[in-house]
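The values are calculated or read from the model by the stated rules, or taken from the named source; none is laboratory data. Keep in mind the model is a prediction, meaning the values are calculated, not measured. Here Cβ is always computed from backbone atoms with ideal geometry, including for glycine, and neighbour counts include all displayed protein chains. The protein model used for the area step is the full one, side chains on, heavy atoms only, and it has no ligands, DNA or RNA in it. Shrake-Rupley method; radii C 1.70, N 1.55, O 1.52, S 1.80 Å.
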Amino acid sequence: MSVAPRFLIALAATVLPCAVVAQDTTVHPERWPAVKWPIARDAATEARIADLLRRMTVEEKVGQVVQADIASVTPDDVKRYHLGSVLNGGNSGPGGDDLAPAAKWLDLADAFHAASTDRSGGGVGIPILWGTDAVHGHSNIVGATLFPHNIGLGAANDPDLIQRIGAATAAEIRVTGQEWTFAPTITVPQDARWGRTYEGYSSDPKLVARYADRMVLGLQGPATGKAMLDGPYVLASTKHFLADGGTFEGRDQGDARIDEATLRDVHGLPYVPVIEAGVGTVMTSFSSWNGVKMAGHKGLVTDVLKGRMDFGGFVVTDWNAHGQVAGCTNASCPQALLAGIDMYMAPDSWKPLYASLLAQAKDGTIPAARLDDAVARILRTKMRLGLFEAGKPSTRLLAGKWDLLGAPAHRAIAREAVGKSLVLLKDTGVLPLKRGARILVAGDAADDIARQSGGWTLTWQGTGLTNANFPGATSIWAGIRDATGGKAELSPEGRFTTKPDVAIVVFGETPYAEFQGDLKTVQLRADLRRLDLMKRLKAQGIPVVAVMLTGRPLFMGPELNTADAFVVAWLPGSEGAGVADRLFDGIFTGRLPMPWPASARADGATLYSLGHGLSKAAAWTRVPEDAGVADEDAGGIYFADGVPASGWSLMATSGGSATRVTSVPVVNGRIRVTAVDARVQEGARAFAFAGGGAQEVALTAPAPLDLTREANGDVMLVATMRADGATARDATLACLGKGCTGGVPLPALTPGKWQTVGVPLHCLGIVSAVESPFVLRSAGAMRVAVARVALGTAADTVARCQR
């Protein structure tokens, strides 16, 4: 299981062989490591499982292999369909409120448990298992401790710390009644363009392997055979099997075009220690290996994972990932079960999937032996958890102990982790800072807890939040303020009345999750005012300490040369004081968990190798400032501040005549386009429709867009709009392209007020070849202004699908 040195210093996909197309999808299990599952089967448990299988109907068995999202299922559904599991997706919460108080989560857990064990209508009453994405702490719950995302923990290089984080996370999960977390992510990201890079500890498989079992042990406890729920533990799930971090060009849900040796030695390596530690579940990836989706790859799931590697738990898919298997849809996919999947994560498709699986089990498409094996694995895991004897969630150990959410001891671990994760790339002698100095804290990320926490924070994308949503948490600004006894000054724009001795500029990525974070280049997706701010402060003779929030290494040549000190803070989570600790004590032990690029080109040179990081001030040699790419990646932003994204066109069509809007004002038939102020001066375009015939404005892409992933993930097209007066009754929002439908009615807008309008992409039809994702149509008279159009997950008003 050796890894060649090139894997330890590789930058992006181009150094690893994942850019080489290898068509062979045959696996050779005998070439994979032979692992020993640590938990011996005992006769009593196996007899109990056999007895349940004998008494269960085929309807009950099918129910056990289906998992539904709490936004799409009720306790009554759980009872009726005998469902084996529920989950809360990133934007799901009790009563439709993903920011619901902790007590509501525990109440709902009780309701689901009671429904699953209710035998009044017949059946054996298997207790349900609730899974949650507690990926950096119990991160769906308001007030919980938020630890640094995995990329930062990788920089800390402290396996003992990882186990303590796992234990603290498990305890907080138990407070609200869930039993299963979809963590840890043990991906080995090889291309920083990937939107899930920050979910991986490192691009070094050996470092990931050193961490993987320690997190499992923290979450589940030791694999002794004792019921997990008797202690302060939860069931873990390692993900995503396999090579989600090795896809071509870093595309989420993409294709890992690599040979079997690389698949095994790089991406498979961390699975050895987690199986030896007894991880209870494994989640398969959305992605493919040389064109074959993981959820349908029998060779890898059955022959390698369950066979050669002796994994004894159960295998679950990712969110509707079975629908991407060849020949499958979200509603029907026997191929996944036949490949070795034991549980389908079918959040909103569970009911038609249940119906199809039931029919396939009855007609023999799914052999009884395979269904029984899947159910047996689920039952065995539930018994190992102690679920049958645990009682309702509110009666279990730690349940309802609200003071454990964000407990001081847990926050202390998180603060320690933040400090250890920081990587110092530059210091010309300005650090450590003096607590008595006059300190200016600037930058738009300085006082933003959601920004420093990243995706998978209260909501899926971590957006639409304010500091008020994080009781007990500390922003980076607040940590610095407290460290100076309140003497520091906050000014995001870098303005001051008394010249400071030093300025700290906090900037970086804005929150994202999954494919929403995919990049075309390794360039920071944000405006360039950060650099102007640094240069302006430097021109006034003020030393600058740059603190960068990021989920991955990105090109930073100009910023590195401009700042006097440069600290990579990754995505530190709720304890911003951990950043202040290091700025004032000057102790930097973090090291890069991935190589740092010398340009924004994905195939460019490496500036700093994996493992690099300063411990103290050092002489500075200027670094390259040429990004090597023409444009910044728009990242799902199609129209901003009144201007289409690079290569896009704003079109106005009236009476069959189309005009490309390049300057304003412009009139085309019954449509007049002018500029109006929004976030910035003339930062929006106003469209006056005169009425009396067909009229539309559209944003046209330079090439057709495939938004299938986004539609599956409940992403919306979000437009920032203002109506000046009443909108026309026939106004619609639609898309243009093969498969696009007639669109949805434009929701009512409050006149004179800027508001965001969301259109769920799945409302627009088949969105695999979209030419214009935003089309505003009407034959009536109205005046509507648009400032921004982008993909997103939160909006003031959401349009209703037309069924």
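Using R₀ = 35 Å, calculate the FRET efficiency as 1/(1 + (r/R₀)^6) where r is the Cβ-Cβ separation of residue 605 and residue 706; round to 0.05. Could the numbers behind the result be given before it?
Numbers: r = 31 Å, r/R0 = 0.89.
Calculated transfer efficiency: 0.65.
A straight chain from residue 501 to residue 753 at 0.36 nm per residue would run longer than the Cα-Cα distance by 86.5 nm.
Taking a cut-off of 19 Å, what percent of all Cα-Cα pairs in the stretch 636-790 are separated by more than that? Each step should come with its number before you reach the end.
On the way: 5829 of 11935 pairs.
It works out to 49 percent of all Cα pairs.
In the context of the full protein assembly, residue 298 retains an accessible surface of approximately 110 Å², using a probe radius of 1.4 Å and ignoring ligands and nucleic acids.
With the Cα gyration tensor of the stretch 63-204 in hand, give its eigenvalues times 5 under a square root as the equivalent ellipsoid semi-axes, listed largest first in whole angstrom.
Working: eigenvalues 203, 49, 37 Å².
Result for the stretch 63-204: semi-axes of 32, 16, 14 Å.
Over all projection directions, the Cα-based convex hull of the stretch 449-607 averages an area of 10.0 nm².
Across the accessible surface of the chain, with the other protein chains kept in place and a 1.4 Å probe, carbon and sulfur atoms take up 52 percent. Accessible area per residue (1.4 Å probe, heavy atoms of protein chains only) ranks 431, 353 as 431, 353, with the largest value leading. Placing one equal scatterer on every Cα of the chain and applying the Debye formula, the log10 ratio I(q)/I(0) at q = 0.06, 0.08, 0.10 Å⁻¹ is -0.38, -0.69, -1.07.
Over the stretch 144-277, accessible surface divided per residue gives 19 Å², non-protein components excluded, 1.4 Å probe. A dipole drawn for the stretch 271-357 from +1 and -1 charges on Cβ atoms has a positive end, and of 313, 279, 329 the residue lying farthest that way is 329.
Tell me the per residue accessible area of the stretch 393-529 using a 1.4 Å probe; a whole number in Å² is fine. List each step's numbers first, then the result.
Details: 5190 Å² over 137 residues.
With all protein chains present, the stretch 393-529 gives 38 Å² per residue.
Here the scattering of the stretch 281-320 is modelled by Debye summation over its C-alpha atoms, one equal scatterer each and no solvent; at q = 0.18, 0.32, 0.33 Å⁻¹ the log10 of I(q)/I(0) is -0.46, -1.14, -1.17. Computed per residue of the chain from DSSP H runs no shorter than four, each worth -39500 (n - 2.57), the mean residue ellipticity at 222 nm is -7000 deg cm²/dmol.
Residue 58 to residue 659: FRET efficiency via 1/(1 + (r/R0)^6), r the Cβ-Cβ distance, R0 60 Å, to the nearest 0.05?
So, using R0 = 60 Å, E works out to roughly 0.45.
In this label model, residue 667 and residue 97 are separated by 5.2 nm, measuring between points 7 Å along each Cα→Cβ vector. Positive end of the dipole of the chain (Cβ unit charges, origin at the Cα centre): among 609, 767, 56, the Cα lying farthest that way belongs to 609. Residue ranking by accessible heavy-atom surface, 1.4 Å probe, largest first, among 416, 199 comes out as 416, 199.
Computed with the Debye formula from one identical point scatterer per Cα of the stretch 275-384, without solvent, the log10 of I(q)/I(0) at q = 0.18, 0.20, 0.24 Å⁻¹ comes to -0.86, -1.07, -1.46.
Full extension of the chain between residue 394 and residue 338 gives 16.5 nm of extra length, using 0.36 nm per residue less the Cα-Cα distance.
Computed from point charges on the beta carbon alone (+1 for Lys and Arg, -1 for Asp and Glu), the dipole magnitude for the stretch 563-628 about its Cα centre is near 180 Debye. Put simply, the stretch 403-497 fits an ellipsoid with semi-axes of 25, 17, 15 Å; these come from the alpha carbon gyration tensor as the roots of five times its eigenvalues, largest first. Remark: the stretch 299-427 carries a charge dipole of roughly 400 debye about the Cα centre, counting +1 on each Lys and Arg Cβ and -1 on each Asp and Glu Cβ. With a cut-off of 13 Å between beta carbons, the residues surrounding residue 104 carry a summed charge of -4, where Lys and Arg count +1 and Asp and Glu -1. Output the pairs from 239/298; 61/306; 104/306; 61/298; 226/306; 226/392 with a Cα-Cα distance over 27 Å in this structure; if there are none, say none. Flagged as over cut-off: 104/306. Entry comment: accessible area of the stretch 648-756 is 45 Å² per residue, from protein heavy atoms only and a probe of 1.4 Å.
So if R0 is 60 Å, what FRET efficiency would residue 466 and residue 119 give, r being the distance between their Cβ atoms, rounded to the nearest 0.05? Could you put the intermediate results ahead of the total?
Values: r = 46 Å, r/R0 = 0.77.
E(calc), rounded to 0.05, equals 0.85.
Using Cβ point charges alone (K and R +1, D and E -1), the dipole size of the stretch 580-695 about the Cα centre works out to roughly 240 debye.
In the chain, what % of DSSP beta bridges are antiparallel (nearest 5)? Please list the in-between numbers first.
Details: 69 of 113 bridges.
Counting only bridges with both partners in the chain, antiparallel ones make up about 60 percent.
Farthest toward the dipole's positive end in the stretch 588-666, which of 592, 645, 635, given Cβ charges of +1 (Lys, Arg) and -1 (Asp, Glu) about the Cα centre? Checked the options; the winner is 592. A straight Cα-to-Cα reach below 23 Å connects residue 420 with the lysines 206, 434, 616, residues fewer than 8 places away in its own chain not being considered.
Could you give the semi-axes, largest first, of the ellipsoid that matches the stretch 581-676, computed as the square roots of 5 times the alpha carbon gyration tensor eigenvalues and rounded to whole Å?
Values: eigenvalues 477, 52, 26 Å².
Computed over the stretch 581-676, the values are 49, 16, 11 Å.
Other residues whose C-beta falls under 14 angstrom from the C-beta of residue 687 contribute a net charge of +4, scoring Lys and Arg +1 and Asp and Glu -1.
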